[in-house]
Structure formats: C-alpha cells, structure tokens
1. The conditions are (1) farther than 22 Å from residue 93 by Cα; (2) surrounded by fewer than 19 Cβ atoms within 10 Å (Cβ to Cβ); (3) out of contact with any Phe, Trp or Tyr (no Cβ under 9 Å at 6 or more places or on another chain), and residue 78 fails exactly one of them. Which is it?
2. State all residues of segment 50-64 that are closer than 17 Å to residue 95 by Cβ and either within 16 Å of ligand 1 (Cβ to nearest atom) or surrounded by 14 or more Cβ atoms within 10 Å (Cβ to Cβ) (or both); if no residue qualifies, say none.
3. Can you report the number of residues in segment 73-99 which are within 21 Å of residue 58 (Cα to Cα) and either more than 16 Å from ligand 1 (Cβ to nearest atom) or in a helix (DSSP H, G or I) (or both)?
4. Restricted to segment 14-49, and to residues that are assigned to a loop (DSSP other than H, G, I, E, B) and small (Gly, Ala, Ser), which residue is surrounded by the most Cβ atoms within 10 Å (Cβ to Cβ)?
5. If you check 70, 102, which single one turns out to be in a helix (DSSP H, G or I) and away from ligand 2 (no atom under 15 Å from the Cβ)?
6. Can you name the residue in segment 105-146 that is away from ligand 2 (no atom under 12 Å from the Cβ), under 15 Å from the mean Cα position of the chain (by Cα) and part of a loop (DSSP other than H, G, I, E, B) and, of all such residues, is nearest to residue 63 (Cα to Cα)?
7. Yes or no: segment 19-34 includes at least one residue that is within 29 Å of residue 166 (Cα to Cα), in contact (Cβ under 8 Å) with a residue 40 or more places away in the chain and away from ligand 1 (no atom under 16 Å from the Cβ).
Amino acid sequence: MALSAENQQPPVVVVMGVSGVGKTTVARLLADRLDLPYAEADDFHPAANIAKMSAGTPLDDRDRLPWLRALGGWLGERSAAGSGGVVTCSALKRRYRDVLRAACPDAFFLHLSGSHDLVGDRMAHRTGHFMPTSLLDSQYAALEPLQADEVGTVLDVGADPETLVARAVAALARQNA
Ligand SMILES: Nc1ncnc2c1ncn2[C@@H]1O[C@H](COP(=O)(O)OP(=O)(O)O)[C@@H](O)[C@H]1O
Ligand SMILES: O=C(O)[C@H](O)[C@@H](O)[C@H](O)[C@H](O)COP(=O)(O)O
C-alpha cells in the first residue's frame, strides 16, 4: 500500500458517479496503484436488476437496496480485515451512501463528475456494456452530490485517467494527514 504514513489503515474507497463517468477505469487504476482489493458494483446486482437496466428501465430505490447492502457487506469486510479496498458504485443518492456507510463508517467517496454531453459521448463509444445511453437522463436526475458532512472528494473527469488517479491519491493522503 503506497499511502505515506505508517500505522494507518489502508483506505476503503467508493468510486461513485453516473454510469459511463469512468468509475471502472479509475477504480481499477487506483486499486492497482495502492495495491488494494478491487470490486465492481455491477457484479453485485441481482440478475433482475441487470435485466431491467438492459431493457432500458431505470432502477428504483427498492431495486437498489439489496445491491447496496451486498456492496456494504464487501466494504465492511474489507474494513474489518484492515485490507482496505476500492469498489465502484454509482451511489447516486445520499441515502444510498448512508446504506454503505452504515456497513462501513470509514468509507471514502470519490465522486467522478462530468457533463451529460461528455459522459453521453463516452458511453456511446463504449462497447460490450449492458447499460443503454438512454438511461443517462435518469442517472443525472437521481444524482445527489456529496454533502458537506460526507467524507470524500469530487474530481472532474475532463482529465485523463492517470491524472485522476494521482488526484485521488493526493485527496486520500490529505484525508489521512
Ligand atoms: N478520464 C477518461 N478520459 C477519457 N475516457 C475515459 C475516461 N474514463 C473513462 N473513459 C472511457 O469512458 C467509457 C466509460 O468508462 P467506464 O470506466 O466504463 O465508466 P463507468 O464504470 O462509470 O460506467 C469507457 O469507454 C472508458 O474507456
Ligand atoms: O444504480 C443504478 O442505477 C445502477 O447501478 C447504475 O448506476 C450503474 O451505473 C449500472 O450498474 C451501470 O454500470 P456502469 O456504472 O458501470 O455503467
């Protein structure tokens, strides 16, 4: 783990934001850079959720609850084990993040933020993914930015992935200073 100070628990990081904003790209690089376990939120969705999104229907709060609890379980286990970890999760609403924090109070939220136009363009060029670009409107409609009392930071995804990872590492170091 490459974060500076000794005797510090490795961080448990949730890379959040709308579909297509770059969560998977940045989270994989960040986990690699910090030598932390990595998990992808899509792997925690019940099959019915994937089918619903694939058919072009947004998930609702009830659909997302078992998924958030499963992700919270992963985060809480990583925290309890002291291994740290990085997970992608759209975590669009404050109350979704509250579910994750209930399982893992020390979770750090890295909100990747970008304009609808930019993200829509990236999604339109992404191949082999179930999420239709038509659901992007609903993702932005649901999105609630981090509030002042939430531990985390916001990064604008106009930068390249390596730059974003460097900024994320710096933000985590500041948090632990
Ligand atoms: N910072 C970036 N700059 C340019 N393209 C990016 C960046 N981050 C991600 N991408 C591209 O945008 C698309 C969506 O990224 P992805 O990581 O799959 O997003 P998410 O996991 O949030 O849905 C992919 O094709 C990816 O290669
Ligand atoms: O809460 C939701 O509506 C979904 O979880 C969604 O936000 C998530 O983004 C999809 O699973 C698509 O996957 P990508 O984020 O990897 O595009």
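FYI, it's all coordinate maths here, none of it is from the lab. A quick note: this is a predicted structure, and the numbers were derived from the prediction, not measured. We place every Cβ from the backbone using ideal geometry, glycine too, and count neighbours over all the protein chains shown.
1. That leaves (2) as the condition not met.
2. Of all residues in segment 50-64, those closer than 17 Å to residue 95 by Cβ come to 58-64.
Within segment 50-64, 58, 59, 63, 64 meet the criteria.
3. Going through segment 73-99 one residue at a time, the tally reaches 7.
4. Here is the first cut: in segment 14-49, the residues assigned to a loop (DSSP other than H, G, I, E, B) are 17-22, 35-37, 40, 45-46.
Narrowing the set further to residues that are small (Gly, Ala, Ser) leaves 17, 19-20, 22.
Numbers: 17: 27, 19: 21, 20: 24, 22: 24.
Result: 17.
5. Working: 70 fails: away from ligand 2 (no atom under 15 Å from the Cβ).
So the residue among 70, 102 that is in a helix (DSSP H, G or I) and away from ligand 2 (no atom under 15 Å from the Cβ) is 102.
6. Only one residue fits best here, namely 144.
7. yes
Here's the yes/no breakdown for (1) within 19 Å of residue 11 (Cβ to Cβ); (2) within 15 Å of ligand 1 (Cβ to nearest atom); (3) loosely packed, with under 13 Cβ neighbours inside 10 Å; (4) of a type in the set (A, V, I, L, M):
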| residue | (1), (2), (3), (4) |
| --- | --- |
| 113 | no, yes, no, no |
| 120 | no, yes, no, no |
| 141 | no, no, yes, yes |
| 148 | no, no, yes, yes |
| 155 | yes, yes, no, yes |
